[in-house]
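First up is the structure itself, then whatever we jot down about it.
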Amino acid sequence: MIYQWITLSGGSDQFGSVKYGDAHSWTGRLGARVTKDWTSETGKKATVWARANVWHSFDSDVRTTFTSTDGTNATGLKTKLGGTTGQVGLGIAGQLSPRLTAYASGDFNFAMDNGNGHSLGGRVGLRYEF
């Protein structure tokens, strides 16, 4: 479980002001990861993995209020946050030296409830152990 609390400062310009309400949310994750490790004849290690997660953000409401420059004519917008998303990913890591490992991973995220949309993400890098 992850608890998140977000507070944003409001702002204003010559046309009016905006005030953001605090956002409080709880998110849970259920998932699994499967890995396979190898060791080469020279002793270098390599790993591949696959993972799958289901993320659920429990309902939370956030309110944004707009007003004129003198604070009158307030208009509020209420946004309902929450939903369920799926995530699948693959990755690989290979030892280049006793202290240096190269890695790459990618994820695909998708809506599982009434929402729609998806995203792709990835990482490539080097990890050095001191």
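The values are calculated or read from the model by the stated rules, or taken from the named source; none is laboratory data. Because the structure is a prediction, the values reported are computed rather than measured. Backbone-built Cβ (ideal geometry, glycine too); neighbour counts: all protein chains shown. Accessible surface is based on the protein model in full, side chains and every heavy atom, while ligands, DNA and RNA are left aside. Shrake-Rupley method; radii C 1.70, N 1.55, O 1.52, S 1.80 Å.
Tabulated values for the structure
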read-out	value
Close pairs from the range 113-130: first of a type in the set (Val, Ile, Thr), partner at pLDDT 95 or above and surrounded by 10 or more Cβ atoms within 10 Å (Cβ to Cβ), Cβ under 7 Å, at least 6 apart	VAL124/ALA104
Filter result for ALA46 (touching a Leu at 6+ places or on another chain (Cβ under 8 Å) and of a type in the set (A, V, I, L, M, F, W, C))	no
Segments classed as strands (runs of 3 or more DSSP E), wholly inside the range 9-86, with at least 3 members that are of a type in the set (Phe, Trp, Tyr) and surrounded by 11 or more Cβ atoms within 10 Å (Cβ to Cβ)	45-67
Any pair with Cβ under 8 angstrom, 6 or more apart, that starts in the range 13-25 at a residue that is within 18 Å of LYS78 (Cβ to Cβ) and basic (Lys, Arg) and ends at one that is open to solvent by less than 30 Å² (accessible area, probe 1.4 Å) and in a strand (DSSP E or B)	LYS19/THR64
Unique match (being in a strand (DSSP E or B), open to solvent by 90 Å² or more (accessible area, probe 1.4 Å), touching a strand residue (DSSP E or B) at 6+ places or on another chain (Cβ under 6 Å) and under 17 Å from ALA52 (Cα atoms)) among LEU90, LEU126	LEU90
Filtered residue count, the range 110-123, keeping only those that are surrounded by 10 or more Cβ atoms within 10 Å (Cβ to Cβ) and assigned to a strand (DSSP E or B)	7
Count - residues of the range 93-109 that are in a strand (DSSP E or B) and open to solvent by 70 Å² or more (accessible area, probe 1.4 Å)	1
Of all residues making up the range 45-69, the number that are at pLDDT 95 or above and over 30 Å from PHE110 (Cβ atoms)	1
